[in-house]
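**Q** Before we start, here is the structure in question, set down as structure tokens.
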Amino acid sequence: MVKTILAACLLVAAGVGTTGCWSSFELIERGFVQAAAIDLTEDGNVRLISHVYKPGGGTTSLKSDIGPSYVDLTTTGSTVFDAVRKVSLQLGRKLQWSHMRILLIGEEVARSENIGNVLDFFYRDHEPRGTIDVILTKGQAGDYLTLRPMIESTMGQQLLRVEEIGTLESGQTINVTVTKLKIRSSAEVPAEMLPLLAFKNGGKNVVVSGLATVDLAKGKLTGTIPLANVQSALMLSGKFKRGIIDVPCGKERKPANSGYDSFEVGRTKAKLTPVVAGDALRVGFRLELEGSAGELVCSKADTKEEVRQFAERVEQTVERQIRDTVKLLQSERSDVIGVGMKVFRQHSRVWKRWKPDWERRFAESEFDISVKAIVKSTGTTIGKPFSEAK
């Protein structure tokens, strides 16, 4: 009898402990969002474009063409959440945000609205993940999702891969998530850089056109960093990973129709140090680049002296680019490279006095820049240009 009662108790406990899915929705009742775009309507409401994955799409058979593997749904509302709930009136399914990868925000929204208000739903709601990448766009953000992807199954995935590979391999863009923006918004200097997209070839293709600088305290777009200055901006902020440095040949370029050598950066070490002297600030920046000769057009690297001369040209090129970028950021009074954060951590008492007027102080500070290039290899061939090799 005791064994029977014990067995019954165990069965009841097992039944109580065994649960199904927390949600009562089945997969066929969900619409999985891969990407979203936020724009403004003419009357100032939110326009939401939901990039929803379509199961079975993107495949063809002998009987029929199912079409692309996604569908774009446009809704409007007084808030993002209001626009979200209206999607089900078109789709007949509840949106599922846990698989969303990328959020596009139109330039008009970034200039006229507080970006924090747009991001609040994606950070507050329990479904969207903090790993969603945030990108600004020139023009309407929704237009970028209507293009057909070049190689990926959806345009949302295509744009995500452009950002990820561009960050890891070319060093010409940056990866910024919702969580990173939330953390940075609470920093002493709440300024950040965001990827900026633009159309190319009459709107047929999408390219990274630079970075946008944002004041997260005000939630506004403050300026842009052209593509030519992106690498040095990332170097200054310690976010540059790998990439190619184009080294001008100068007056001695040969042949005349090709004026650049290339240096492939494989490792980067950067250190930014604020030095306080009375009421003045001097910023020391030390950068070490290690890599190899990626393409030699007007240089030779047969001897140690030639390698040293090539390294010096790399150093001079990078230093010049960094100085140009510093001037650009100072002219916009945009400390997106973290100088103020360094002052706060290393000179907390000084920071209390400087913080209310930090934008002006950053614009007036002097920079001491030093670049060192280490050439580890000249590639798989001899250190001469291809046209001169024998």
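**Q** Just checking, which of E188, E192 is modelled with pLDDT of 90 or more, outside any loop (DSSP other than H, G, I, E, B) and of a type outside the set (A, V, I, L, M)?
**A** On inspection, the qualifying residue turns out to be E192.
**Q** Counting only residues that are among the charged types (D, E, K, R) and buried (at least 17 other Cβ atoms within 10 Å of the Cβ), which one in the range 292-305 is farthest from T268 (Cα to Cα)?
**A** Ranking the candidates gives K300 first.
**Q** Test of understanding: among L211, L197, which residue is outside any helix (DSSP H, G or I), touching a Ser or Thr at 6+ places or on another chain (Cβ under 6 Å) and either modelled with pLDDT of 90 or more or not assigned by TED's automatic domain parsing to the domain that holds A36 (or both)?
**A** Going through L211, L197 in turn, the sole match is L197.
**Q** Sort out which residues of the range 176-185 are among the aliphatic types (A, V, I, L, M) and in a helix (DSSP H, G or I), and write them in order of number.
**A** Residues satisfying the conditions are V178, L181, I183.
**Q** State yes or no: is S232 part of a strand (DSSP E or B) and among the hydroxyl-bearing types (S, T, Y)?
**A** Here the answer is no, as S232 does not meet what is asked.
**Q** Now for a separate question. Out of curiosity, is R124 of a type in the set (D, E, K, R), within 25 Å of the chain's Cα centre (by Cα) and farther than 20 Å from T173 by Cβ?
**A** Criteria met by R124.
**Q** Restrict the check to the range 290-297 and report whether at least one residue is under 30 Å from Y260 (Cα atoms), of a type in the set (S, T, N, Q) and either assigned by TED's automatic domain parsing to the domain that holds A228 or free of Cβ contacts under 8 Å to residues at least 60 places away in the same chain (or both).
**A** no
**Q** Which of the numbered conditions does R333 fail, given that it passes all the others? Conditions: (1) surrounded by fewer than 19 Cβ atoms within 10 Å (Cβ to Cβ); (2) more than 25 Å from G210 (Cα to Cα).
**A** Going through (1) surrounded by fewer than 19 Cβ atoms within 10 Å (Cβ to Cβ); (2) more than 25 Å from G210 (Cα to Cα) one by one, R333 breaks only (2).
**Q** Give me a count of the residues in the range 116-144 that are outside any loop (DSSP other than H, G, I, E, B) and touching a strand residue (DSSP E or B) at 6+ places or on another chain (Cβ under 8 Å).
**A** Here the count works out to 11.
**Q** With the condition kept exactly as written, say whether any residue in the range 287-305 is in contact with a strand residue (DSSP E or B) (Cβ under 7 Å, 6 or more places away or on another chain) and in a helix (DSSP H, G or I).
**A** no
**Q** Scan the range 200-218 for residues that are out of contact with any Leu (no Cβ under 9 Å at 6 or more places or on another chain) and in contact (Cβ under 8 Å) with a residue 12 or more places away in the chain and jot them down.
**A** Scanning the range 200-218 gives A217, K218.
**Q** Can you name the residue in the range 134-180 that is among the hydrophobic types (A, V, I, L, M, F, W, C) and surrounded by fewer than 21 Cβ atoms within 10 Å (Cβ to Cβ) and, of all such residues, is farthest from I38 (Cα to Cα)?
**A** L168
**Q** Continuing with this model, one more query. Please work out if K372 is surrounded by fewer than 17 Cβ atoms within 10 Å (Cβ to Cβ), touching a Gly at 6+ places or on another chain (Cβ under 8 Å) and at pLDDT 95 or above.
**A** no
**Q** Among the residues in the range 244-267, are any within 24 Å of G116 (Cα to Cα), assigned to a loop (DSSP other than H, G, I, E, B) and touching a residue at least 24 places away in the same chain (Cβ under 8 Å)?
**A** Checked against the condition, which is being within 24 Å of G116 (Cα to Cα), assigned to a loop (DSSP other than H, G, I, E, B) and touching a residue at least 24 places away in the same chain (Cβ under 8 Å), the range 244-267 yields no hits at all.
**Q** A follow-up question, please. Look at the range 160-185 and say how many of its residues are at pLDDT below 90 and of a type in the set (S, T, Y).
**A** Total meeting the criteria: 2.
The values are calculated or read from the model by the stated rules, or taken from the named source; none is laboratory data. Bear in mind that the values here come from a model prediction, so they are computed numbers and not experimental data. We place every Cβ from the backbone using ideal geometry, glycine too, and count neighbours over all the protein chains shown.
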